Amino acid sequence: MAGVQVELTLQGIEGAARALGALAETDLEDLAFNVGALLESSTQERIATGKAAPDGTPWDPWSARYAKTRKGQHSLLVSGNGLLTATQNYTTGTTVRVGNNLVYGAIHQLGGEIENAWGRGIKVTMPARPYLGLSAHDVTAITDLITDTVKEPFQ
């Protein structure tokens, strides 16, 4: 034969091939739901006790005027636990969604102007207090969850 060639014989990859086959059968919908559950829990913790945006920035405190109306069981974004308990995992298929359907959910997340606050004709500027999103801890936890799920077939 004229010319040159390199010949490789692959040996011992049967186990890896089986693992790749098993990986292809990983239930991605279940994995997505578990990611959503992780984020639901993290978001609820952020609302209940963290009192900071996903990036760690502390939320602005109440205005002095509003603080006078609060009682001992009240804290930022927690009064009757509506926002806390309404924030849920809405994952469907492989699309992860965590949030709530409360009318006031967006104003707390994004901030903005309220023209008729409490129905009293008062104009209020609400600061953004982001509670939805991924913290560095969330990213690590999600990465670990995915890694643990996909490495199982290779063990």
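Just so it is clear, none of the values below were taken in a lab; they were calculated from the coordinates. No experiment lies behind these values; they were computed from the predicted model shown. As a convention, Cβ positions derive from the backbone with ideal geometry for all residues, glycine included, and neighbour counts pool all protein chains shown.
Charge tally around residue 94: other residues with Cβ under 14 Å, Lys/Arg +1 each, Asp/Glu -1 each, net -2. Here's how it looks for residue 90: its modeled amide H is under 5 Å from those of 97, 98, 99, which are all 5 or more places away or on a different chain.
Backbone phi angles across segment 70-79, fed through the Karplus curve with coefficients 6.51, -1.76 and 1.60 (θ = phi - 60°), yield HN-Hα couplings of 8, 10, x, 7, 8, 8, 3, 6, 10, 10 Hz in residue order; Gly and Pro are listed as x. Taking a straight line from the alpha carbon of residue 71, these aspartates and glutamates sit under 19 Å away, with near neighbours fewer than eight places off in the same chain left out: 60. The Cβ shell under 10 Å around residue 53 holds other residues with a net charge of +2, Lys and Arg each +1, Asp and Glu each -1. The trypsin sites (Lys or Arg not before Pro) of segment 54-155 that DSSP puts in a loop, and whose beta carbon has at most 11 other beta carbons within 10 Å, are 68, 71, 120. For segment 66-155, the relative contact order is 15 percent, taking Cα pairs closer than 8 Å that sit 6 or more residues apart in sequence and dividing their mean separation by the residue count. Close amide H partners of residue 59, meaning residues 5 or more places away or on another chain with modelled amide H under 5 Å apart, are 52, 53. Per residue, the average separation of C-alpha pairs within less than 8 Å and at least 6 apart gives the chain a relative contact order of 29 percent.
Where (1) 16.7, 54; (2) 14.2, 42; (3) 24.3, 94 are the candidate values, the label of the one calculated here for Rg and Dmax of the Cα atoms in Å is (3).
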